[in-house]
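Trainee: Here you go, one structure.
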Amino acid sequence: MSTLADALDSALEWSVFGSFTRIGSDVRKRLDHWRSPPANCMNHKVVVITGATSGLGLHTARALAALGATVCMVVRNREKAQQICALLRSETNNSRIEYVIADTGDLNAIRNAAAELITKYPAIDVLIHNAGALDDERQASPQGMELTVASQVVGPFLLTFLLQNALRAAAPSRVLWVSSGGMYSEPLSVNQLEMPAENYRGVIAYARAKRAQVTLTEMLAERLANQHIHVHAMHPGWADTPGVARSLPTFRRIVGPLLRTPAQGADTLIWLATDNDAPLATSGQFWLDRRPRALHRMSSTRRSDTPAERERLWRWVVEKSGADIASAV
């Protein structure tokens, strides 16, 4: 990268608004001369993706299928999954688009889906944890956990563990987490992950779960390194998706035309899934616009990110999921 490109990128990142809106995507695409993935580069590759029936997940599934991948979506609604599969098969001329049924917040459903996935795909090249919603009211998972952390932290962690052998069989393989820039506002605090009903705020619960995702990305990268399973997290910036329209209508109205398109929001995710250079030369990174980013913007969140709190997070997610990835290494 040129010195000028680095300086402009840093200025955008410092501004937040310039970085997270479509301004950042448009400028960086030109600065860094982004290239599209080669045609058919995902032939003979298997991709499993959660939350792929709308928004960034749908765009990513469509793009990877168009590049030749076998795409299996983990979805909650069978009827909607059938419609999306039919649509994508028609749009991409790729018949290898399938689905399994599971809510990522239901650990029993995750176990059943993983068993089905392993039977279908003994080797999985890319696992994408994209499912996630921001809800105003506190809900509980079937196992009694607060649903945001169950569906966006514990469930994905369990799925990674259950698919570990299939990921190892396809090595070098990839586990990709779709996080959020909102995580910058919240410290790492295991005690605060499951917000009680009396002071529940969906935006905060979501940001805390996203912070945990990014921390687990680093920890998983360390534990899976000798299996050649590369783990990364990314955030899409501020993208105009159905989830944003539903959960953050005021924010969407204010930012308006400067919101990123789903294609801009999903670009780095698709790049992480397809590029064989930086995504396979590193692991445990947090990305935006094809560049690794800092994990903290505020000293308060940096102070919370201690080795002791990280170890607490690992023990907590192992206890909640019943899966210790370290035991299988």
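Trainee: Pop a pseudo-label 7 angstrom from the Cα along the beta-carbon direction at both Ala171 and Glu311 and give the gap in nm to one decimal.
Mentor: About 2.6 nm separates the two model spin labels.
Trainee: Between Arg78 and Glu137, what is the FRET efficiency for a Förster distance of 25 Å, r being their Cβ-Cβ separation, to the nearest 0.05? Before the final figure, lay out the partial values.
Mentor: Numbers: r = 25 Å, r/R0 = 1.01.
For Arg78 and Glu137, the calculated efficiency is 0.50.
Trainee: Run the numbers on the chain and let me know its relative contact order in percent, using alpha-carbon pairs under 8 Å that are six or more apart. Can you show the working numbers first?
Mentor: Details: 598 pairs, mean separation 60.5, N = 329.
The value is 18 percent.
Trainee: I want the local charge near Ala266. Using Cβ-Cβ distances under 10 Å, sum +1 for each Lys or Arg and -1 for each Asp or Glu among the other residues.
Mentor: +1
Trainee: Net charge within 15 Å of Thr119 by Cβ-Cβ distance, Lys/Arg positive one each and Asp/Glu negative one each, not counting Thr119 itself?
Mentor: Net charge in that neighbourhood comes out at 0.
Trainee: The list [x] 151; [y] 132; [z] 141 gives values of volume of the Cα convex hull per residue in Å³, and only one came from this structure; which label was calculated from it?
Mentor: Comparing each candidate, only [y] matches the computed number.
Trainee: Checking understanding here: applying a Kyte-Doolittle mean of at least 0.5 and a length along the axis of at least 15 Å (C-alpha), which whole DSSP H helices in the chain pass?
Mentor: 55-66
Trainee: Give me the percent of DSSP beta bridges within the chain that run antiparallel, rounded to the nearest 5.
Mentor: 10 percent
Trainee: Taking the Cβ of Val318 as the center, what net charge do the other residues with Cβ under 14 Å away carry, scoring Lys and Arg +1 and Asp and Glu -1?
Mentor: Details: positive: Arg223, Arg310, Arg312, Arg315, Lys320; negative: Glu311, Glu319, Asp324.
Net local charge, Val318 excluded: +2.
Trainee: Between Asp26 and Arg111, what is 0.36 nm times their sequence separation minus the Cα-Cα distance? Round to one decimal in nm.
Mentor: Going from the current span to full extension adds 26.5 nm.
Trainee: Report the charge-dipole magnitude of the chain in Debye, nearest 20, computed about the Cα centre from +1 at each Lys and Arg Cβ and -1 at each Asp and Glu Cβ.
Mentor: 380 debye
Trainee: Identify all lysines with a Cα-Cα distance to Lys120 below 19 Å; exclude those on the same chain that are fewer than 8 residues away in sequence.
Mentor: Here the lysines satisfying the reach criterion relative to Lys120 are Lys45.
Read the figures in this text as sums done on the coordinates, not as results from a lab. Keep in mind it's a predicted model, so treat the numbers as computed, not measured. Cβ atoms come from the backbone with ideal geometry, glycine included; neighbour counts cover every protein chain shown.
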